[in-house]
Amino acid sequence: MKAFDALVLGLGALGSAVLLQLARRGIRVLGVDRLAPPHTQGSSHGETRITRCAIGEGEHFTPLALRSHVLWREIESETGAKLLTTRGVLVLSSPARTSFTHVENFFANTVAAARKYHIAHEILDAEAIRRRYGQFRIRDDEIGYFEPGGGFLRPEACLAAQLELARHHGAEIHVNERVLSFAPRRADVVVTTDKDTYVAGQLVVAAGPWLPELLDASLARHFRIYRQALFWFADLAGLFGAGRFPVFIWELSGRRQSIYGFPDIDGNGVKIATEQFDLATTAAAPGSEVGASEPAAMHAAYVAPFLPQLSATCTRASTCLYTVTADFGFVVDRHPESGRVIIASCCSGHGFKHSPALGEAVAEIIANGRSSIDLRPFEFARLSVY
Ligand SMILES: Cc1cc2nc3c(=O)[nH]c(=O)nc-3n(C[C@H](O)[C@H](O)[C@H](O)COP(=O)(O)OP(=O)(O)OC[C@H]3O[C@@H](n4cnc5c(N)ncnc54)[C@H](O)[C@@H]3O)c2cc1C
């Protein structure tokens, strides 16, 4: 059996970050993925991910976002890849909102985190939003939080850059190889794949939406998987280019879910999406394609009433999987039955932006037994059963 100091199971957003940070520290590490990341089957595809530094999902996420921005820039300068674009993020909300973003006080938490961590921002009233961004049909009671240092990441390029760098630092990478099982022993973990068997001092399970399949029911019950659909609408009026229209999150009134979106970045259209938590699925479930009627339904319900100048011409659509915990937080914790296995999931629909700092923290735990950023908020123990 081939032996490694550490094995990373899954090389998506978090696994590729863990792999890179372990390899940088001179740890002999193997990364294994059942597919060949970046791919379109999991949670880390679709051209763009929002990144912001003042984190409304909870103050404890903000240090991760701040550190991640530093790491993204480092990776960019080492690889020459273009990963992070910071042209600002606008969060819209109102006292009359009927939707919320992951947690109830998302907007107020965002403002509080910006103040606490001295993150540059502006608070805009309805008039100021209309003056700056006439594309939004803003109600008089709506307000905006604008963070100029926020923006978007290019997820596929982020994964590719981290894997390339990890390889450069000595990581071994096996793609198209599926982990079938892992068995912790006193001194190591035996990992069996469909091609080979390995022993590793530490195992990091970063399987994204496949995570529940690799866990006992007592742990798997903490994660639910939801299919989300993404739509790109044509900017026929030429109003939604990157210089004129921001990355945004909008807590709507009159709808059950928020919407979020991006400017037309590469001429592919304006990506707009909402979230759904009504129908759970599994990573193995077939038929995740976008149905023929979905773009028109999305446009009628979530685009036309709020962004009336955006055309109904859907240039592209795809789906992606959320892995969600009951409190919309992450799980990064030792397996309850073995200190040699770390379960790592930057889940709940907002983890991409934090993945390099989480990867660094996991690597620090493996290398030194403790991390610079406090990971206690991500322990299993906090979770009630979903
Ligand atoms: C539609 C959508 C929009 C999002 N928007 C944002 C956003 O704007 N901002 C933000 O910060 N976050 C966002 N997120 C969340 C973020 O993208 C995810 O939290 C993150 O990508 C999850 O990464 P992961 O590494 O956990 O999973 P993945 O990237 O899915 O990686 C898991 C990997 O494990 C591999 N694997 C699974 N099982 C096995 C096995 N048995 N053997 C070997 N390999 C295995 C898979 O092939 C896969 O490559 C969004 C997510 C979605 C779906």
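What follows draws every value from the coordinates through simple rules; no lab data is involved. Worth saying up front: this structure is predicted, and the values here are computed from it rather than measured. Using ideal geometry, Cβ is built from the backbone for each residue, glycine included, and neighbour counts are taken over all protein chains shown.
Per Stokes-Einstein, at 20 °C and 1.002 mPa s, what whole-number D in µm² s⁻¹ belongs to region 122-279, with the Kirkwood radius over Cα pairs as the hydrodynamic radius?
106
Dipole of the chain, Cα-centred, from +1 at each Lys and Arg C-beta and -1 at each Asp and Glu C-beta, to the nearest 20 debye?
I would put it at about 280 debye.
Over all alpha-carbon pairs of region 270-386, lay out the pair-distance distribution in 5 Å bins, whole %, shortest bin first.
Calculated P(r), rounded to whole percents: 2, 9, 16, 16, 14, 13, 10, 9, 7, 4, 1, 0.
Give the Rg (one decimal place) followed by the Dmax (whole number) of region 201-258, computed from C-alpha coordinates and expressed in Å.
19.3, 57
Would you mind ranking 219, 30 by Cβ crowding within 10 Å, fewest neighbours first?
219, 30
If region 43-178 were replaced by its equivalent ellipsoid, with semi-axes equal to the square roots of 5 times the Cα gyration tensor eigenvalues, what would those be, largest first, whole Å?
33, 15, 15
What's the Kirkwood radius of region 207-329 in Å, using all Cα pairs?
15.8
Using all Cα-Cα distances in region 227-266, what percent lands in each 10 angstrom bin from 0 up to the longest?
The distribution over region 227-266 is 25, 48, 26, 1, given as percents.
Give me 68, 338 ranked fewest to most by other Cβ atoms within 10 Å of their Cβ, as a rough exposure proxy.
Result, fewest neighbours first: 338, 68.
In the structure displayed, which of 82/116; 116/353; 82/271; 82/195 lie more than 26 Å apart, Cα to Cα?
From the list (82/116; 116/353; 82/271; 82/195), the Cα-Cα distance tops 26 Å for 82/116; 82/195.
Cα-based Rg of region 40-91 per 2.2 N^0.38 Å, rounded to two decimals?
Expressed relative to 2.2 N^0.38 Å, the Cα Rg reads 1.26.
Under the 0.36 nm per residue contour assumption, what length would be gained going from the current alpha-carbon distance of residue 70 and residue 130 to full extension?
Here the segment from residue 70 to residue 130 would lengthen by 18.3 nm.
Would you tally the net charge around residue 372, using a Cβ to Cβ cut-off of less than 14 Å, leaving residue 372 out, and scoring K and R as +1, D and E as -1?
Residues close to residue 372 contribute a combined charge of +1.
Once you put a point 7 Å from the Cα of residue 140 and another 7 Å from the Cα of residue 326, both along the Cβ direction, what distance in nm separates them?
Each label point lies 7 Å from its Cα, and together they span 4.3 nm.
For region 317-386, count all C-alpha to C-alpha pairs, find those more than 14 Å apart, and express that count as a whole percent of the total.
That tail contains 61 percent of the Cα-Cα pairs.
When the label point is put 7 Å from the Cα of residue 213 along its Cα-to-beta-carbon vector, which residues of region 7-26 have a backbone N closer than 14 Å?
Correct set: 10-11.
Just add up the charged neighbours of residue 344: K/R +1, D/E -1, any other residue whose Cβ is under 15 Å from the Cβ of residue 344.
With Lys, Arg at +1 and Asp, Glu at -1, the net is -2.
Could you calculate the contour length gain from residue 277 to residue 313, that is, 0.36 nm times the residue separation minus the distance between their Cα atoms, to one decimal place in nm?
Result for the pair: 10.3 nm of gain on full extension.
Most exposed first by the Cβ proxy, i.e. fewest other Cβ within 10 Å, how do 60, 69, 350 rank?
60, 69, 350
Determine the equivalent ellipsoid of the chain by diagonalising the alpha-carbon gyration tensor, then write out the semi-axes as square roots of 5 times the eigenvalues, largest first, rounded to whole Å.
Semi-axes, largest first: 36, 21, 20 Å.
For region 5-85, just the Cα set please: Rg and Dmax, both in angstrom.
Here Rg and the maximum Cα pair distance are 14.0, 37 Å.
Ranked from highest to lowest mean number of other Cβ atoms within 10 Å per residue, what is the order of the peptides 352-359, 329-336, 377-384, 260-267?
352-359, 329-336, 260-267, 377-384
Normalised by the number of residues in the chain, what is the relative contact order in percent for Cα pairs under 8 Å and 6+ residues apart?
Taking the mean separation of contacting Cα pairs over the length of the chain, I get 25 percent.
So how strong a dipole does region 29-161 carry about its Cα centre when Lys and Arg Cβ are +1 and Asp and Glu Cβ are -1, to the nearest 20 debye?
The calculation lands at about 180 debye.
What's the local net charge at residue 252, with K and R +1, D and E -1, over the other residues with C-beta under 12 Å away?
Once all neighbours under 12 Å are counted, the net charge is +2.
To the nearest 20 debye, what is the magnitude of the charge dipole of region 79-133 about its Cα centre, counting +1 on the Cβ of each Lys and Arg and -1 on the Cβ of each Asp and Glu?
Magnitude of the dipole: close to 220 debye.
How much mean residue ellipticity at 222 nm does the chain get from its helices, if each DSSP H run of length 4 or more adds -39500 (n - 2.57) and you divide by all residues, to the nearest 500 deg cm²/dmol?
Mean residue ellipticity at 222 nm (helix-derived): -6500 deg cm²/dmol.
Given a Förster radius of 30 Å and the C-beta distance between residue 237 and residue 289 as r, what FRET efficiency does 1/(1 + (r/R0)^6) yield to the nearest 0.05?
It comes to 0.55.
If you take the Cα Rg of region 99-149 and divide it by 2.2 N^0.38 Å, with N the number of residues, what do you get?
Region 99-149 yields a ratio of 1.21.
If you stretched the chain out fully between residue 334 and residue 79, how much longer would it get, using 0.36 nm times the residue separation minus the C-alpha to C-alpha distance?
Here the segment from residue 334 to residue 79 would lengthen by 88.6 nm.
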